[in-house]
Amino acid sequence: MHHLHKILTSLPSHVRLVAVSKTILPDVLMEVYRSGHRVFGENRAQELIAKQPLLPADIQWHFIGHLQTNKVKYIAPFVEMIESVDSLKLLKEINKEAAKNERVIKCLLQFHIAKEETKYGLDIQEAEELMAHPDLPSMHNIIISGVMGMATFTEDEGQVRQEFRKLKKIFDDLKDKHFPDNPSFCEISMGMSDDYRIAVEEGSTIVRLGSAIFF
Ligand SMILES: *Cc1c(COP(=O)(O)O)cnc(C)c1O
């Protein structure tokens, strides 16, 4: 049985849960769905494209992994939010494909906050370049809704906390500078099964949990 209920009751009401269903078979995902949950996350385009048609249409899918521009067209018809935007090129492609589908797709800017080299994401300078780009104001089929990041995979809680603080600070600075009167820019997606308690203490509004729910 899944641990959804226990987790949901432990989260403050302003924090939303994305149930990360990567590698989880549709039958098992449906157990969580039937308990009322509707927000699910996948990190591989192929897997999401294969699963989505097998599952109820009212699922709000969040894409949370590295996304190649040539895959955007397959998920644009249905995806609710793309949490892993790490380039202007990707943002443009999402806008284009969302427009074709007459949709608006919420996007989070993914930041590199961890020590590990392998994790994707923007740094502050890259984000400022993206925000300053002259094409951005004409992209009407995306909404930049906040930021996302992953902390270093480590036992060192102090390190993890410091990285989440850094992401919160990045969010606050972007909000002040670029979105002062825009309530749509409101999400800080941080926290996975091993570190979401710390993330929530540091200001997370979205946690992305896989193993804590399904295993
Ligand atoms: C897999 C994954 C998660 C969930 O990880 P768990 O440790 O299983 O909770 C969260 N975010 C991203 C980007 C992931 O790829």
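Read-outs: derived from the displayed coordinates by stated rules, not from any lab. Since this is a predicted model, take the numbers as computed values, not measurements. When we count neighbours, we look across all protein chains shown, and the Cβ atoms used for this are built from the backbone with ideal geometry, even at glycine.
Observations, loosely collected:
- Dipole size of the stretch 2-214 about its Cα centre, with +1 on Lys/Arg Cβ and -1 on Asp/Glu Cβ: approximately 580 debye, rounded to the nearest 20.
- Lysines with Cα under 19 Å of Lys51, excluding same-chain neighbours fewer than 8 positions away: Lys22, Lys71, Lys73
- When the inverse distances between all different Cα atoms of the chain are averaged and flipped, the Kirkwood radius reads 17.5 angstrom.
- Between Lys106 and Ile82, Ile143, the built amide H atoms are under 5 Å apart, and every one of these is 5 or more places off in sequence or on another chain.
- Glu187 long-range amide H proximity, modeled H, under 5 Å: Gly146, Val147
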